Amino acid sequence: MNFLSHYYFDRDTTNCYFILGTVLPDLLKNADKTIVLHPEHLVHADPRVNSIIQGWNKHLLVDKYFHSADFFLTHSHNLKNLLTPVITESPVKPFFLGHIAIELILDNLLITTNEISVSEFYDHLDICDDDVIREFLDFAGMKNPDVFFRFHAEFKRSRYLNTYINIEQVTYALKRICMRVWRNPFTPQQEAEMTVLLLDYRLGLISHFMSIYNEIGVKLSSSEE
């Protein structure tokens, strides 16, 4: 799941460090795709650092439930098949595109149906102390935390996730993600055709997309018992 979908499950949480932890694996991946950390079983003396670790573990659990759900398997496969003829001669792998597309469409739907507040999400990130984040990264074994902080500062400043309200920006986000692997993933014509396809697919999901959040929510509740 993408940033806002992870946030959905803890949108009523007041602990900013836990919220940060729920999206930190993806923030680090965006900052530098070569970063690999495994803090899952670490315990720190500072409860704020431990909150980040707990949020990190929540992220892993949500992703586990999401990626094994029939909803994800069905819709990522459908999007792969629909997008394949659109991206002919593109270096992008269709299965990769289908995977990312459904995650971004879900974030768009959460915003446009007012299930979450993007500004409240960013408010949580803003009040986290960088020294606490740095302590977590050092404790988890990251060698150059400054790489993350440069990205994180711009991520907070730009409020980029607000743009997901527009389906054109979902296409742009797809392109940006693909550009981490492929230099020139799509032509302008392909981008335009993808936008039309994604808009149509999104319309077909509006009435029942919350089913995946309800399903994961039940599994999360069961795991906490």
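The values are calculated or read from the model by the stated rules, or taken from the named source; none is laboratory data. Quantities reported herein were computed from a predicted structural model and do not represent experimental measurements. Don't worry about glycine lacking a Cβ; one is built from the backbone with ideal geometry, like all the others, and counts go over all protein chains shown. Side chains are part of the model used for accessible areas, which takes the heavy atoms of the whole protein and leaves out ligands, DNA and RNA. Shrake-Rupley method; radii C 1.70, N 1.55, O 1.52, S 1.80 Å.
What residue, of ARG150, ARG176, ARG180, is within 28 Å of VAL49 (Cα to Cα) and not β-branched (Val, Ile, Thr)?
Selected residue: ARG150, the only one of ARG150, ARG176, ARG180 that is within 28 Å of VAL49 (Cα to Cα) and not β-branched (Val, Ile, Thr).
For segment 54-92, which positions are surrounded by fewer than 15 Cβ atoms within 10 Å (Cβ to Cβ), within 19 Å of ILE177 (Cβ to Cβ) and modelled with pLDDT under 95?
The one that is surrounded by fewer than 15 Cβ atoms within 10 Å (Cβ to Cβ), within 19 Å of ILE177 (Cβ to Cβ) and modelled with pLDDT under 95: PRO91.
So that you can scan it fast, the table gives a plain yes or no per residue for (1) touching a Ser or Thr at 6+ places or on another chain (Cβ under 9 Å); (2) open to solvent by 40 Å² or more (accessible area, probe 1.4 Å):
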| position | (1), (2) |
| --- | --- |
| PRO185 | yes, no |
| PRO188 | no, yes |
| LEU198 | yes, no |
| TYR201 | no, no |
| SER211 | no, yes |
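Only one residue in VAL170, VAL181, VAL196 is touching a Pro at 6+ places or on another chain (Cβ under 9 Å) and of a type outside the set (S, T, N, Q). Which one?
Result of the check over VAL170, VAL181, VAL196: VAL181.
So, in segment 9-20, of the ones that are closer than 19 Å to TYR213 by Cβ and in a helix (DSSP H, G or I), which residue ends up least open to solvent (accessible area, probe 1.4 Å)?
ILE19
Quick one: would you say SER207 is outside any helix (DSSP H, G or I), open to solvent by 30 Å² or more (accessible area, probe 1.4 Å), out of contact with any Leu (no Cβ under 6 Å at 6 or more places or on another chain) and among the small types (Gly, Ala, Ser)? Before the answer, list the steps.
Numbers: outside any helix (DSSP H, G or I): yes; open to solvent by 30 Å² or more (accessible area, probe 1.4 Å): yes; out of contact with any Leu (no Cβ under 6 Å at 6 or more places or on another chain): yes; among the small types (Gly, Ala, Ser): yes.
So SER207 fits the description; yes.
Output the residue which, of all residues in segment 44-99 that are part of a helix (DSSP H, G or I) and small (Gly, Ala, Ser), is farthest from ILE212 (Cα to Cα).
Out of the qualifying residues, it is SER51.
Return the total of residues in segment 205-223 being of a type outside the set (Val, Ile, Thr) and within 19 Å of the chain's Cα centre (by Cα).
9
Which ones in segment 21-43 are without any contact (Cβ under 8 Å) to a residue 60 or more places away in the chain, part of a loop (DSSP other than H, G, I, E, B) and not aliphatic (A, V, I, L, M)?
Residues satisfying the conditions are THR34, GLU40, HIS41.
Please count how many residues of segment 33-53 are under 11 Å from ALA140 (Cβ atoms) and touching a Phe, Trp or Tyr at 6+ places or on another chain (Cβ under 8 Å).
So the answer is 8.
Condition first: surrounded by fewer than 19 Cβ atoms within 10 Å (Cβ to Cβ) and not in a loop (DSSP other than H, G, I, E, B). Now tell me which residues in segment 156-166 satisfy that.
Residues of segment 156-166 surrounded by fewer than 19 Cβ atoms within 10 Å (Cβ to Cβ): 156-160, 162-163, 165-166.
Answer for segment 156-166, where residues must be surrounded by fewer than 19 Cβ atoms within 10 Å (Cβ to Cβ) and not in a loop (DSSP other than H, G, I, E, B): LYS156, ARG157, SER158, TYR160, ASN162, THR163, ILE165.
Go through (1) touching a residue at least 12 places away in the same chain (Cβ under 8 Å); (2) in contact with a Pro (Cβ under 9 Å, 6 or more places away or on another chain) and name the single condition ASP138 misses.
(1)
Is it the case that VAL49 is at pLDDT below 95, over 17 Å from the mean Cα position of the chain (by Cα) and open to solvent by less than 10 Å² (accessible area, probe 1.4 Å)? Walk me through it before giving the result.
Details: at pLDDT below 95: no; over 17 Å from the mean Cα position of the chain (by Cα): yes; open to solvent by less than 10 Å² (accessible area, probe 1.4 Å): yes.
So VAL49 fails the test.
Determine which member of the set ASP126, ASP107 is open to solvent by 10 Å² or more (accessible area, probe 1.4 Å) and in a helix (DSSP H, G or I).
ASP126
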